[in-house]
Amino acid sequence: MVRQPTRYGGTNWLAESESAARDRTHFGLTQERWHQMKIGVIGCGYLGAVHAACMSTVGHQVYGYEIDVAKAEGLNSARTPFFEPGFDEMLSEQLGTGRLAFGSDPQPLADCDAVFICVGTPQLKGELAADTRYVTAAFETVADVVRSNALIIGKSTVPVGTADRASQLLAERAPHLTVAWNPEFLREGKAVKDTLRPDRLVFGVENEGSEELLREIYADPIADGCPVLVTDFPTAELVKVAANSFLATKISFINAMSEVCEVVGADVTQLADAIGYDARIGRSFLGAGLGFGGGCLPKDIRAFMARAGELGVDQALSFLREVDAINMRRRSRMVEMAHEQLGGTVIGQRIAVLGAAFKPDSDDIRDSPALNVAAQLLLRGADVVVTDPQAVENARRKWPDLTFADTPMEALQKADLILLLTEWDEYKQLDPQQVGAVVRHKQIIDGRNALDPQSWRDAGFVYRALGRPRV
């Protein structure tokens, strides 16, 4: 039977197929509960906390389970453990509705209609592979606790094959539960928008009922025209790592061109503009500079390589080793340029580092290129002062030996060299004349190609950037 879309983006109740109706009955959902469900979220870090609040925003009753008691209590008191534009207000508002709560007791998950797994998969120490023990622990928790015929939905980025193993675990320990995989595509700094208005939704499912339940959970974005791709488990698991691998490759490609440009005296920003007009290539992610960092791209491409090796297809992803190597070389090149600009040594020189987060609009310092460069310069004897609009406290805990400043102008006082390493808007908008009045020497290296070179040179600065001609 043909299913007709409703205003919820799901299916017409009377026209749904018999198999879908049976699956819906299995999940225990009456017609009245079909559009407003009780949803659990396991793991309330960046992904889980944002997902929980967004699910509450669209009308679901949501409980976020977090084993870290302090984090759970903080979220339940509207204290956000990370910076994300717009999230503080959303969290406070949704807690006030009574539809959202957080806690460290798993029992409220027992009668959920759906439970999202949002735990981390960090890189294993000393290895390329991802650590999936938290994912396994989450599925063991739902097997022990959830009594309803719920759909257990993985959102964590995992090695391909994880969903099948989770499904087997539940088949043995909790056969009333069903697995689906719904990968996340959040961009830090835009996570709320990416959750409420995603550019696509991917549903890795084993039956029609799981698909229908997911369509109802995401009824609002689907009604607004968000594309839905329904796949098997392996495809859904591969989507996120494939996307991240492509983006990392694109970034490292333009940074490889940057290396060539520096040798021949070409301008990598103009090169990127020129090839970006080609519709087959596009300008997005062709911003040459210090390279990528954060908690996703670096560890995801490494875990992808490790999994390919386990599957016997490591040659298919051997190019990712060079992608990773190019990315790391950018950090070393920035340190070399600082040495060059300071006459061959950084010992005793005061270097102002603008940026600590791995990207703007975030306080995330995981694998931050900016902090990596700052730390290398510190270890080589420089007097390094770091500032960042949001990440100073996180950075101070990670690198207590660095000196930190609360404002750019404080960091710039008597600086011998300025390094722009995270392209926050407030750094791009700095007045070169005002900066020139407080530094000791007018020298700046733009690690993100974010500034207008001519305005800085007009103010008397020596301006250098990765991949651009030296004047």
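Rule-based calculations on the coordinates, nothing more; no lab input. Remember, predicted model here, so these are calculated numbers, not experimental data. Cβ sites come from the backbone with ideal geometry, for glycine too, and all protein chains shown count toward neighbours.
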Value of [θ]222 nm, deg cm²/dmol, for the chain, DSSP H segments ≥ 4, -39500 (n - 2.57) each, nearest 500 = -13000 deg cm²/dmol
Convex hull volume per residue for region 18-231, taking Cα atoms only, in Å³ | 123 Å³
Once Lys and Arg are counted +1 and Asp and Glu -1 for all other residues with Cβ under 10 Å from that of residue 453, the total becomes -1
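If the viscosity is 1.002 mPa s and the temperature 20 °C, what Stokes-Einstein diffusion coefficient in µm²/s follows for region 241-321 when Rh is the Kirkwood radius over Cα pairs?
Taking Rh from Cα pairs, D becomes 156 µm²/s.
Compute the FRET efficiency between residue 187 and residue 425 as 1/(1 + (r/R0)^6), taking r as their Cβ-Cβ distance and R0 = 25 Å, and round to the nearest 0.05.
0.95
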Pull up the cross-link candidates among the lysines for residue 125, meaning alpha carbon to alpha carbon under 20 Å and not fewer than 8 places away within one chain.
-> 299, 398
Hey, fewest Cβ within 10 Å first, where do 51, 339 land in order?
-> 339, 51
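Taking all pairs of different Cα atoms in the chain, averaging 1/r and flipping that mean, what Kirkwood radius in angstroms comes out?
Averaging 1/r across every pair of different Cα atoms and inverting gives 24.1 Å.
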If Lys and Arg each add +1 and Asp and Glu each add -1, what is the summed charge of the other residues whose beta carbon sits under 11 Å from the beta carbon of residue 424?
-> -2
Based on DSSP, what percent of beta bridges with both residues in the chain are antiparallel, to the nearest 5?
-> 5 percent
Between residue 458 and residue 471, what length comes free when the chain is fully extended (0.36 nm per residue of separation minus the Cα-Cα distance, one decimal in nm)?
-> 3.4 nm
Mean 1/r over all different Cα pairs, inverted: what Kirkwood radius does region 185-319 give, in Å?
-> 17.5 Å
Estimated FRET transfer efficiency (residue 259, residue 127; beta-carbon r; R0 30 Å; 0.05) | 0.55
If region 323-465 were replaced by its equivalent ellipsoid, with semi-axes equal to the square roots of 5 times the Cα gyration tensor eigenvalues, what would those be, largest first, whole Å?
-> 20, 17, 16
Sorted peptide list for 131-137, 367-373, criterion being average Cβ within 10 angstrom, highest first | 367-373, 131-137
Scoring only Lys, Arg, Asp and Glu (+1, +1, -1, -1) among other residues with Cβ under 15 Å from the Cβ of residue 202 yields -3
Please give the peptides 88-96, 444-452 ranked by average Cβ packing (other Cβ atoms within 10 Å per residue), highest first, as a rough proxy for protection.
-> 444-452, 88-96
Tell me which lysines have Cα within less than 27 Å of residue 38's Cα, excluding those fewer than 8 residues away on the same chain?
-> 71, 155, 190, 193, 240
Note to self: C-alpha centroids of region 167-227 and region 48-123 sit apart, in Å, by 17 Å
Under 24 Å Cα-Cα from residue 442, which lysines qualify once same-chain neighbours fewer than 8 residues away are excluded?
-> 414, 428
Expressed in µm² per second, the diffusion coefficient of region 277-370 from the Stokes-Einstein equation, with Rh the Kirkwood radius over alpha carbon pairs, at 10 °C and 1.306 mPa s, is 100 µm²/s
What is the dipole size for region 283-363, taken about its Cα centre, with +1 at each Lys and Arg Cβ and -1 at each Asp and Glu Cβ, in debye to the nearest 20?
-> 140 debye
Note, region 321-327: 3J(HN,Hα) by Karplus (6.51, -1.76, 1.60, θ = phi - 60°), whole Hz, Gly/Pro = x, goes 5, 6, 4, 5, 5, 4, 4
Take the alpha carbon atoms of region 290-306, find their center, do the same for region 347-421, and report the distance between the two centers in whole angstrom.
-> 22 Å
